[in-house]
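The values are calculated or read from the model by the stated rules, or taken from the named source; none is laboratory data. Everything quoted here is computed from the prediction, not taken from an experiment. Note that each Cβ is placed from the backbone with ideal geometry, even for glycine, and that neighbours are counted across all protein chains shown.
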Amino acid sequence: MTRRIRLTVFGVAAAGFAALLIWGTLGIPDFGHYRGRYGQILNHAAVKERQTTNTVTAIVFDYRGLDTMGEEFILFASVTGVALLLREQRKDVPRPRDEVRNEAVRAIGICLVPAVLTLGLWVVAHGAITPGGGFQGGVILSATFLLVWLAGSLRTYVRLTPTPYVDLTEGTGVGGFVVTGLIALLIGMPFLHNLLPYGLAGKLSSGGSLPILNWATGLAVTAAFLLLYSEFLEERSFVIAGKHK
Amino acid sequence: MNVIYVFSIVLAGAAALAVVLTTDLLRIAMLASFYTLTLVIFFLLLQAPDVALSELVVGTIAYPVVLVVAILIDRAE
């Protein structure tokens, strides 16, 4: 294929794509003019109905809890896939000596670990009150352990996150979400129906079964990302060890 | 539309262009992380802090880490 034919093909495709894009965006509402009725109704209803000041979390873990369960399964399935692909090949791989020797990096890392850990717990715990929740807080919590690798060593990271326990945490998180939904089903309510007392808006325990689902998601997401990191980091040691053989 | 929105969109566009035009893989990973940060600013301006927080943790923590470690694995080979 000559350069000219290639450019012609690209030109036709780009022009068609641009036309479709312009046609598609012409009819959308103006910037800042949201027209969705559902969102406006929920914005007004969530505080009164569920005693949660963060409507987004009320939607994610209550009104649309089933969607969140599906998303959790997506994360669970992809991490399981990564573990299946990478874990099988390795057995007793010697870990590289990768201790960080730079004192400044170590000191900053040590200072950051408790701060980031607290931030992660705070973001999960306040999911129903301020922006955040199980997913965002879970990733921040996993980043705490990642900091241990970045400012310490892979050995410390592996010792802090023993895979059987991380697997257990992952299962507890995902399973806890499903079991909470099934309990509602068992007593004759719809799946994932919010059946606990809602409490008062602004308290950490408010929102009925919402905080339970929130913490279950937090556990599942933290463990999922820890598994992802350790599979990648262990794979790296495997490759390095194979090179030195 | 407010000037600050326009500035934020232009910033995100410039960062996206920088990601596409860079050839070094490690630099792409770092620039992708920065590009996500510009999106986070945009979401914050649009008063969507939950989306901003999700984008922040996934785009500037998890995604670049996985990319960088994958590149490191490739270089070790």
For this session: May I ask you to say which residue of B:I73, B:I9 is assigned to a helix (DSSP H, G or I), more than 23 Å from A:L146 (Cβ to Cβ) and not small (G, A, S)?
Result: B:I9
Problem set entry | Where B:E55 falls short, out of the listed (1) over 18 Å from A:V139 (Cα atoms); (2) of a type in the set (D, E, K, R); (3) surrounded by 17 or more Cβ atoms within 10 Å (Cβ to Cβ) | (1)
For this session: For region A:194-204, state whether one or more residues are within 14 Å of chain B (Cβ to nearest Cβ), among the charged types (D, E, K, R) and over 19 Å from the mean Cα position of the chain (by Cα).
Result: no
For this session: Answer yes or no as to whether B:I28 is more than 8 Å from chain A (Cβ to nearest Cβ), of a type outside the set (G, A, S) and within 23 Å of A:A143 (Cα to Cα).
Result: yes
Exercise. Assuming B:N2 fulfils every condition listed in (1) more than 30 Å from A:E234 (Cα to Cα); (2) modelled with pLDDT of 90 or more; (3) over 12 Å from the mean Cα position of the chain (by Cα) apart from one, which condition is it?
Worked result: (2)
